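Novice: Structure incoming, see below.
Read the figures in this text as sums done on the coordinates, not as results from a lab. Since this is a predicted model, take the numbers as computed values, not measurements. Note that we place each Cβ from the backbone using ideal geometry, even for glycine, and neighbour counts take in every protein chain shown.
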Amino acid sequence: MSSYQKKVLGGLFLLLALGAVATYFIVSKSNNKINEDTVALFSNPEGEAPYTDLLGNPVSLEQYLGRTLVVATWASWSPFSTADLNTLSELSSEFSDEEVVFMAINRKESKEQAARFLQTLQNITGVVMVLDPRDAFYLTVGGYAMPEVVIYNRKGEVVEHFRGVANKADIKTVVESIINSK
């Protein structure tokens, strides 16, 4: 191998190493930012709830501090939302005696549109249905898949963030680990 080829390979290696280091720092900072923003979702210093239920009553994540909170994003246009809402409903019946709240936050749809979609579903019970007209939750947790499930411990800290269709067994395992860590 000529000295020119060695220099080119060395330069490429150096560029790859710098790219890896830069990627690491970007991802680390982005994860920290998501966690800081998520904590802000619970503290809500302005005092007004950013979300409402289907009846228009204010809902704040802060009111669920002290309990395990499983939050899924959903929308009527997502073909996977039905499966996730059914999963949350099934899990809510399995953890009915525990301090676990299952919440589904709608992504930026009108109350009427969300209600129409929910009327097409069978037996969705035990899930707190929430409207997020500004899509604040999804943006704050760094959403990029649909749906997404975020699980919080009793302190409001993110324990797990699943992207895509929720796996019932995975969610159950995380919730049980939080409950058993009392």
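Novice: When DSSP beta bridges are limited to those with both residues in the range 51-180, what percentage is antiparallel, rounded to the nearest 5? Show your work: numbers first, answer last.
Specialist: Values: 13 of 26 bridges.
DSSP beta bridges in the range 51-180 are roughly 50 percent antiparallel.
Novice: Quick one: dipole size for the range 51-180, taken about the Cα centre, charges +1 on Lys/Arg Cβ and -1 on Asp/Glu Cβ, in debye to the nearest 20.
Specialist: In debye, rounded to 20, the range 51-180 gives about 320.
Novice: Still on this structure, I have one more. What is the distance in Å between the Cα centroid of the range 112-182 and that of the range 58-89?
Specialist: Value for the Cα centre distance between the two parts: 4 Å.
Novice: Something else: How much length would be gained if the chain were fully extended between E98 and Q122, taking 0.36 nm per residue of separation minus their Cα-Cα distance, in nm to one decimal?
Specialist: Computed gain between E98 and Q122 is 6.2 nm.
Novice: Going out from 0 in 5 Å bins, what whole percent of all Cα-Cα distances in the range 51-180 drops into each bin?
Specialist: Bin by bin from 0 Å, the calculated values are 2, 11, 23, 26, 22, 12, 3, 0.
Novice: Okay, moving on. Percent of alpha carbon pairs in the range 44-116 separated by more than 17 Å?
Specialist: Values: 1342 of 2628 pairs.
Roughly 51 percent, once rounded to a whole number.
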